[in-house]
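Input: a single structure, listed below in C-alpha cells.
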Amino acid sequence: MPARALYSALLWLAQPLYLLRLWWRGRAEPLYREALPERFGFYADAPSSGWLWVHAVSLGETRAAAALIAALRERRPELRLLLTASTATGREAGRELLREGDRQTWLPFDTPGAVRRFLAQFRPALGVLMETEVWPNLLPMARAQGMPLVLANARLSEKSMRQGERYAALIRPAVEALALVLAQGEADAQRLRSAGAREVRVSGNLKYDMAPDPALVARGAAWRAALARPVLLFAVSREGEEASLLAAWARRRAALAANPLLVIVPRHPQRFDEVTALMQGAGLSLARRSAWGEMPHDTALAADAWLGDSMREMPLYYGLGQVALLGGSFAPLGGQNLIEAAACGCPVVMGPHTFNFAEAAELAAAAGAAQRVETMAGALDAALALLADAQALAHAGERARAFAAEHRGAALRMAEAIAALWPEVQHDTAAH
C-alpha cells in the first residue's frame with residue numbers, strides 16, 4: 001500500500017530523531033533511557049509465545065487497564081501478561097500490575113522492522129490496546145499473523161475523527177485490522193464504525209472502575225483538616241492554563257476573606273520547576289509537596305499555595321481539594337479525566353474543551369458532579385462561590401460520588417467480551 005510504504009519510510013528516516021527525543025526526555029524522567037533497544041524491537045532473552053498482550057500508552061491508560069487486567073485474571077488466573085507502554089509514567093505504573101511470569105517492555109516504534117521483531121519475540125495469543133492506540137504498521141502486521149486485536153475502552157473524538165479522515169488511506173486499514181472494539185459510549189462507537197471498525201460494542205468507561213486509594217484520599221483529607229481553611233485544586237494543569245488562573249487569582253485574592261489555599265498539580269513532571277516560577281512570580285508564598293512526607297510542615301500550612309510535584313498521588317490531591325478546576329479544559333487540549341475526582345467526592349468545574357472525555361463530562365454535568373464554565377475567570381468565580389457555600393459544597397460532593405458509582409461495571413463487561421475470544425486463540429496458539 002503506497003500510503004503505508006511512505007509512512008514507514010518516513011518513520012525509518014526519523015529513528016535518530018526519535019532516539020534523541022527519548023534521550024532528551026530522559027533528563028527529567030530517567031526511565032525514558034531505560035531499555036532503549038526494546039523501542040526498536042531488540043531483546044536480550046529468548047523468544048516466547050502465548051502472552052496476553054495489553055498496551056497502555058501512559059499513566060491514565062495503565063491505571064484504567066488495571067481494572068480490566070484484574071477482571072481477566074479472575075477468568076484466567078493462568079494468563080501471562082505482556083504489558084507495554086510508551087511513556088515513563090506508564091511504564092512505572094505498570095510495574096505494580098505484574099505478577100510472577102509476566103513481562104513488561106516498551107511498545108516498539110511503528111517501523112515494519114521493529115514491529116516484526118516484537119511480534120516474533122513474543123507471539124502474543126491476543127492483543128488488547130487501550131483507548132486510542134491505532135498504529136498503521138502494528139495492527140495490520142499483527143492481524144496478518146492471526147492475532148485477534150481488541151481496542152478496549154475505545155474513544156474517538158470529533159476532532160480526531162476529522163484528522164483521521166485526512167489520512168484515511170493509512171488509518172482505515174489499521175482500524176479494520178481490529179477484531180473487536182469496546183467503545184466507551186454510543187457516540188464513540190458510531191465514529192469508530194465510520195472509521196472502519198468491523199465489530200463495535202458499547203461497554204462503558206473503565207475509568208469508573210478505578211478505585212482511588214482510600215489511604216491517599218484520607219491523607220489528603222487530614223491535610224485539609226490541619227489547614228483549617230478552604231482548598232481550591234487545579235488538577236492536571238497544562239501549559240498556558242496556570243498563568244491564566246494565576247492572573248485571575250491575583251485579581252480576586254484581596255477580597256477573599258477566607259484565605260483559601262491554592263493547589264496546582266501540573267500534568268507533566270518536567271514542568272514542575274516552570275510552574276513553581278510562575279507561582280512565585282505571581283507573588284505567592286509557595287510550598288512544594290516534595291518537601292515533606294506524611295504531614296506538611298508549619299511553613300507549608302501557612303503558605304499561600306502548594307505545588308503538587310509528586311507522581312501517582314492524585315487521590316491525595318482530590319482528598320485535599322474541596323473543588324477542582326479541570327486541567328486541559330481551559331485550552332483546546334480536550335480536558336483530563338474527571339471521573340477520578342468524582343470517585344473521591346471532589347466536584348469539578350471544567351472549561352469548554354472536554355472533547356477527549358466528552359461523554360463523561362456531559363454525564364457529570366447532568367448529574368451535578370461537575371459544572372461547565374466558558375472562561376478561567378468564570379471557573380474561578382464558580383469554584384470560589386461553591387467553597388463559600390458549605391451546604392452546596394457538601395451536596396456537590398455527594399453527587400460526585402453517586403455519579404462515579406452509578407457507571408461502574410465496564411471492566412466486567414469488557415473482560416467477558418475479551419474472554420470470549422480466548423478459547424479459539426488458545427487452541428490456535430497450541431496448534432502453531
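Working from the Cα coordinates of the chain, the gyration tensor eigenvalues give, after taking √(5λ), semi-axes of 40, 23, 21 Å in decreasing order. In the chain, taking the dipole from charged Cβ atoms about the Cα centre, the farthest positive-side position among Pro230, Val348, Trp23 is held by Trp23.
Is there a quick way to get the dipole size of the chain? I mean about its Cα centre, with the Cβ of Lys and Arg at +1 and of Asp and Glu at -1; what is the value in debye to the nearest 20?
Value, rounded to 20: 620 debye.
For region 150-193, the fraction of C-alpha pairs more than 12 angstrom apart is 59%.
The stretch between Leu36 and Ala382 holds 119.9 nm of extra length on full extension. This uses 0.36 nm per residue minus the Cα-Cα distance.
Kirkwood's formula applied to the C-alpha pairs of region 28-162 gives a hydrodynamic radius of 15.2 angstrom. Relative to the current alpha-carbon distance between Ala255 and Thr299, full extension at 0.36 nm per residue lengthens the span by 13.5 nm. Dipole size of region 208-295 about its Cα centre, with +1 on Lys/Arg Cβ and -1 on Asp/Glu Cβ: approximately 360 debye, rounded to the nearest 20.
Provide the per residue accessible area, probe 1.4 Å, for the chain, rounded to a whole number of square angstrom.
Here the residues of the chain average 42 Å² of exposed surface.
Between Leu72, Met147, Gly334, whose Cα lies farthest towards the positive end of the dipole of the chain when Lys and Arg beta carbons carry +1 and Asp and Glu beta carbons carry -1, centred on the Cα centre? About the Cα centre, the residue reaching furthest to the positive side is Met147. Of the residues Gln270, Thr375, His395, the one whose Cα sits farthest towards the positive end of the charge dipole of the chain is Gln270 (charges of +1 on Lys and Arg Cβ, -1 on Asp and Glu Cβ, taken about the Cα centre).
Each other residue within a Cβ distance under 10 Å of Asn356 adds +1 if Lys or Arg and -1 if Asp or Glu, for a net charge of +1.
If only the Cβ of Lys and Arg carry +1 and only the Cβ of Asp and Glu carry -1, the dipole of region 90-231 around its Cα centre is close to 220 debye.
Would you mind getting me the FRET efficiency between Ala169 and Trp12? Use the beta-carbon distance for r and R0 = 25 Å, nearest 0.05.
Using R0 = 25 Å, I get an efficiency of 0.85.
Solvent-accessible surface (1.4 Å probe) assigned to Met311 amounts to roughly 70 Å².
One chain, two ends: Arg103 and Arg312. Fully extended at 0.36 nm per residue, the span grows by 73.1 nm beyond their Cα-Cα distance.
Under conditions of 10 °C and 1.306 mPa s, region 173-244 yields 97 µm² s⁻¹ as its translational diffusion coefficient, taking Rh as the Kirkwood radius over Cα pairs in the Stokes-Einstein equation. Per-atom-type breakdown for the chain gives carbon and sulfur 56% of the accessible area (1.4 Å probe, protein chains only). Near Met141: Cβ cut-off under 13 Å, other residues only, Lys/Arg at +1 and Asp/Glu at -1. The net charge is +4.
The values are calculated or read from the model by the stated rules, or taken from the named source; none is laboratory data. On a predicted model such as this, the values are computed, not experimentally measured, just so you know. Here the Cβ is made from the backbone with ideal geometry for all residues, glycine too, and neighbour counts use every protein chain on show. Areas reflect the complete protein model, heavy atoms only, side chains present, ligands, DNA and RNA absent. Shrake-Rupley method; radii C 1.70, N 1.55, O 1.52, S 1.80 Å.
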